[in-house]
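Okay, so here's the structure we're looking at.
The values are calculated or read from the model by the stated rules, or taken from the named source; none is laboratory data. All values derive from a computational prediction rather than experimental measurement. Positions of Cβ are generated from backbone atoms using ideal geometry, with glycine treated the same way; all protein chains shown enter the neighbour counts.
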Amino acid sequence: MRKISLTGIKPTGTPHLGNYVGAIRPALELTKTYDTVYFIADYHALTTVQNGAEMRANIYKVAATWLALGLNPEESLFYKQSDIPEIFELSWALSCFTPKGFMNRAHAYKAKVEANTAAGVDVDSNVNMGLYCYPCLMDADILMFSADIVPVGKDQKQHVEFARDIAIKFNKHFGEDVFTVPEPVFQESTGVIPGLDGRKMSKSYDNYIDIFLEPKALKKRLGKIVTNSQGIEEPKDPDTCNVFKLYKLFATPEQTEALAARYRAGGMGWGHAKQELQNVLEEHLGAAREKYFYLLDHTDEIEKILAYGKERARAKAKVMMDRVRHLLGTY
Ligand code: ADP
Ligand code: TRP
């Protein structure tokens, strides 16, 4: 039997190239060797996205992105978290086995407390219970579907470790291997994808490049990548250049070598380098962009795919919850 890889994607905006190379592409790669469970973590996004129209639009965008980039809903279990009520029931049950101190130490909450302390306001100012209990919901997401590995960014390591601890504790308490103890895995090879200004590409800094920009908008966006002031004729160093760093993520090794040689030879301006980047992005993502916009125009197709995932996910969740309820004596 194949092992299970599971991860959740928060619908908090339009996915960017950092999300694609750092999370989506490696997760899709894992479908070759794992049974994969990928879901839209909408009730995690609710800690910050509190507008119905915005949430709905984000859910469609995230779903369309994964489907356009090659997620096959027959091959991967693909659903929306809020469609699976059993997850929220399990989350409550697990919270009763979770030391409150874990939540006090959870990094997102701790960061808020530190910021509030520094600002001289109440420690819990602007902290909702969703943010505080966020890791308990993640535990339920992960343990419900017996995930062996959880591919995530480094910032989520602590949350997966909580899930491990709770799984071990729960299993020990009832003397049964109810939950699989999950392992976080990180995408080391690609590292941090730089944004327009060279810092980590992120929604939090306005330095991201959307995955599916139309050619004209993409050209404008790529124009904003910060470069140095070297003139066309000067030889340039590819390894310190943001344009090149992005190019490398999409180009073949031969293409990468060829562009590096042009950098070093001189006679190539930043405009040329950006055009090469645009070409390679178009090659890589042009067809997926068509599919993305098609799906956003046909959200009924997205709904159908999510309904299919819901049915399959709930069948699995029911089996797990029957077992858990039996142990808890609530069934
Ligand atoms: P953002 O920083 O834009 O809010 P998220 O925190 O929602 O992005 O990230 C979602 C996923 O995308 C995470 O798994 C994270 O590891 C990955 N990711 C986001 N930005 C980058 C980046 N610049 N480089 C590599 N991976 C990234
Ligand atoms: N918290 C994750 C993030 O911010 C999203 C997420 C929710 C998740 N549930 C999960 C990731 C379960 C892995 C497993 O990116």
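Candidates Ser146, Ser229: the one that is away from ligand 1 (no atom under 15 Å from the Cβ), assigned to a loop (DSSP other than H, G, I, E, B) and crowded, with 16+ Cβ neighbours inside 10 Å is Ser146. Contact map, segment 306-330: residues that are within 14 Å of Phe88 (Cα to Cα) paired with residues that are in a helix (DSSP H, G or I) and β-branched (Val, Ile, Thr), Cβ distance under 8 Å, separation 6+ or inter-chain. Pairs shown: Ala317/Ile87.
Could you tell me whether Val37 is of a type outside the set (S, T, N, Q) and under 22 Å from Ser204 (Cβ atoms)? Judged against the criteria, Val37 is not a match. The set of residues from segment 274-290 being of a type in the set (A, V, I, L, M, F, W, C), without any contact (Cβ under 8 Å) to a residue 40 or more places away in the chain and surrounded by 15 or more Cβ atoms within 10 Å (Cβ to Cβ) comprises just one member, Val280. In summary, strands (runs of 3 or more DSSP E) completely within segment 1-81 and bearing 2 or more residues that are surrounded by 19 or more Cβ atoms within 10 Å (Cβ to Cβ) and within 15 Å of ligand 1 (Cβ to nearest atom) occur at 4-9, 35-40.
Residues in segment 78-92 that are in contact with a helix residue (DSSP H, G or I) (Cβ under 6 Å, 6 or more places away or on another chain) and of a type outside the set (Ser, Thr, Tyr): Phe78, Lys80, Gln81, Asp83, Ile84, Glu86, Ile87, Leu90. Does Lys236 qualify as being in contact (Cβ under 8 Å) with a residue 24 or more places away in the chain, among the charged types (D, E, K, R) and buried (at least 16 other Cβ atoms within 10 Å of the Cβ)? Yes; evaluated as a whole, the condition is true for this residue. Within segment 167-179, does at least one residue satisfy the condition of being within 14 Å of ligand 1 (Cβ to nearest atom), in a helix (DSSP H, G or I) and touching a residue at least 12 places away in the same chain (Cβ under 8 Å)? No, the conditions are met nowhere in segment 167-179. Of all residues assigned to segment 291-300, at least one qualifies as being without any contact (Cβ under 8 Å) to a residue 24 or more places away in the chain and of a type in the set (Asp, Glu). Taken as a whole, the condition of being of a type outside the set (A, V, I, L, M), more than 10 Å from ligand 2 (Cβ to nearest atom) and at pLDDT below 95 applies to Lys154.
Any residue at all in segment 85-98 that's of a type in the set (Asp, Glu), farther than 29 Å from Ser189 by Cα and in a helix (DSSP H, G or I)? Yes: segment 85-98 contains one or more residues that are of a type in the set (Asp, Glu), farther than 29 Å from Ser189 by Cα and in a helix (DSSP H, G or I).
Going through (1) of a type outside the set (D, E, K, R); (2) assigned to a loop (DSSP other than H, G, I, E, B); (3) within 20 Å of Gly13 (Cβ to Cβ) one by one, Leu218 falls short only on (2). Out of contact with any Phe, Trp or Tyr (no Cβ under 8 Å at 6 or more places or on another chain), over 19 Å from Val62 (Cβ atoms), among the β-branched types (Val, Ile, Thr) and part of a loop (DSSP other than H, G, I, E, B) - does that describe any residue in segment 245-253? Scanning segment 245-253 turns up at least one residue that is out of contact with any Phe, Trp or Tyr (no Cβ under 8 Å at 6 or more places or on another chain), over 19 Å from Val62 (Cβ atoms), among the β-branched types (Val, Ile, Thr) and part of a loop (DSSP other than H, G, I, E, B).
Restricting attention to segment 2-20, the residues that are touching a helix residue (DSSP H, G or I) at 6+ places or on another chain (Cβ under 7 Å) and closer than 16 Å to Val150 by Cβ total 6.
Can you pull out the residues in segment 158-195 that are hydrophobic (A, V, I, L, M, F, W, C), farther than 19 Å from Ile87 by Cβ and more than 13 Å from ligand 2 (Cβ to nearest atom)?
Going through segment 158-195, the residues hydrophobic (A, V, I, L, M, F, W, C) turn out to be 160, 162-163, 166-168, 170, 174, 178-179, 181, 185-186, 192-193.
Next cut, farther than 19 Å from Ile87 by Cβ only: 168, 174, 185-186, 192-193.
Residues satisfying the conditions are Ile168, Phe174, Val192, Ile193.
Surrounded by 16 or more Cβ atoms within 10 Å (Cβ to Cβ), of a type outside the set (D, E, K, R) and more than 16 Å from ligand 1 (Cβ to nearest atom): does that describe Phe88?
no
Would you check if there is a residue in segment 41-48 being more than 13 Å from ligand 2 (Cβ to nearest atom) and either in contact with a Lys or Arg (Cβ under 6 Å, 6 or more places away or on another chain) or without any contact (Cβ under 8 Å) to a residue 12 or more places away in the chain (or both)? Checked segment 41-48: no residue is more than 13 Å from ligand 2 (Cβ to nearest atom) and either in contact with a Lys or Arg (Cβ under 6 Å, 6 or more places away or on another chain) or without any contact (Cβ under 8 Å) to a residue 12 or more places away in the chain (or both).
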